[in-house]
Structure formats: C-alpha cells, structure tokens
Amino acid sequence: MKIYVGNLEVGVSGPDLHAAFGVYGDVTSAKVSTDYSTGASRGFGFVEMAVQGQGEAAITGLNRKEPRWQVMLVHEGRTSLRLRQKQISKQAPSGAGTSGEGQLRDAPAKPDPGKNKQ
C-alpha cells in the first residue's frame, strides 16, 4: 500500500518516516521528495507498506499528528490526473475519443523564424 505523507518539516528524512511507520508494520520503502537542484525537502514523501491493513492502521494512527513540531497529513497515495489520463487513453479502443476531450496533447510547434524572410 502506497501512503502519501504531507506537511513534513524540512528536517524529516526517509529513515524518520521508516521509523514512524514501522511501529504499525512492515515498511517496504520510505522516501522524502527533494528538490532536484538544491536537495532540500519539498515537504512531502511516500511510504510503502507490505500489508494493506497495516497501512490503514498507520494512516489512522499518524494522520494529523505532530511527531515533532508540525501537523503531518497522511492518506493513501493517489495516481496523478495526468497519469490517469495516460492510462485511460492507452485503454481506449482505436478511434475512441477522437474529439480530444480529456486527452493530453503535445505543445504546438514553434514557427520557423527563417521561413517568412524574403
């Protein structure tokens, strides 16, 4: 079970999450999302637990708790809207959805600056 953990303070690390969730069961992985360029925490992370019931117990036990100074938000991880749209478009039969509704599109091509020169 994948669990979203939000509103984390800057100093919280993956091992901190592993320890907090480990009280409720077997933690498969625990990661805090960091900024690519600075390496600073982005304030959220994900924990994966092997057993659904243990994950649900962890969510109930840790949601809106203050393990240090901030209130931590915990809920089941969800698939992003963009990823869901990609999954749906892969499942659609050919010819379906030709109206373009709900589909992701590539950005329009930039005009060639040398094309209009005389």
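Could you check how many residues of the stretch 1-42 are over 23 Å from Gln54 (Cβ atoms) and small (Gly, Ala, Ser)?
The total comes to 5.
Quick one: is Glu66 at pLDDT below 65, more than 20 Å from the chain's Cα centre (by Cα) and over 12 Å from Ile3 (Cα atoms)? Judged against the criteria, Glu66 is not a match. Picking from residues in the stretch 1-60 that are exposed (fewer than 14 other Cβ atoms within 10 Å of the Cβ), assigned to a helix (DSSP H, G or I) and of a type outside the set (A, V, I, L, M), the one that is modelled with the lowest pLDDT is Thr60.
For the stretch 12-29, filtered to residues that are more than 16 Å from Lys65 (Cβ to Cβ) and small (Gly, Ala, Ser), the residue that is farthest from the chain's Cα centre (by Cα) is Gly25.
The values are calculated or read from the model by the stated rules, or taken from the named source; none is laboratory data. What you see is a predicted model, and the numbers here were worked out from it, not measured in a lab. In this analysis, Cβ positions are derived from the backbone assuming ideal geometry, glycine residues included, and neighbour counts consider all displayed protein chains.
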